[in-house]
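Take a look at the structure set out below.
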Amino acid sequence: MTSCYNDCDWIVGARLKILQEPQPIYSFLYESEVRKDHAYLYADPAADKNWIHVQLKHWRGEEEVSVRCSLVSDSPERKPHFHRLAKKIGSQIQINEYQEGEVLKLNDCLIAKFPKLSIVRTKIPNNGDREVIKMWQMRDIVRLKFEASFLVKGNAQQEICNPVYSQPIHPPVIYSSIQNSL
């Protein structure tokens, strides 16, 4: 039997580890584009079409666990981002500040996978102000923030460990037509 705990000599506390990072280059979508079935955020490399996976290591609790992800800025402060995450569940699309992972127990590990995620772009305020446009250009680089908490009666109650952050994610071209006009 494989073990999540065989890489350390003692338990130092629960922690999250990103097993499969999101693809670093992703075309952010507008809400109207999310309804299509082709624009998911995959694990890197995107050509393999695997979902993003996170592991909760060293968790020995008996409570049910929730692992969720949200978007944060690519800055040292890691502030919540104004773009949103969409997830396709059946034929429905949920657009929220965060999305819950599908938590699976694998031997003595908890693995959360995040299938059918998309990043939903918020429209750029185009009033011609170059400083506003530059600010939006810089803010079009995001990271996923993963958090784990245990559940009591189905509600998230307490964080289990510190969050972890993915590698930066950005569109292939960041407002190139606007950049050329500056």
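Among 25-32, 97-104, how do they line up by average Cβ neighbours within 10 Å per residue, starting with the highest?
Numbers: 25-32: 14.8, 97-104: 16.5.
Descending mean neighbour count gives 97-104, 25-32.
If you count, for each residue, the other Cβ atoms within 10 Å and average over each peptide, how do 162-170, 80-88 line up from highest to lowest? Walk me through the intermediate numbers first.
Working: 162-170: 16.4, 80-88: 18.9.
Those peptides, ordered most packed to least, come out 80-88, 162-170.
Summing +1 for each Lys or Arg and -1 for each Asp or Glu, what net charge is found among the other residues whose Cβ lies under 14 Å from the Cβ of Q167? It would help to have the intermediate numbers written out before the result.
Working: positive: K17, R78, R143, K145; negative: E21, D44, D74.
Neighbourhood net charge equals +1.
The numbers here are math on the coordinates, done by the rules we state, and not lab data. No experiment lies behind these values; they were computed from the predicted model shown. Here Cβ is always computed from backbone atoms with ideal geometry, including for glycine, and neighbour counts include all displayed protein chains.
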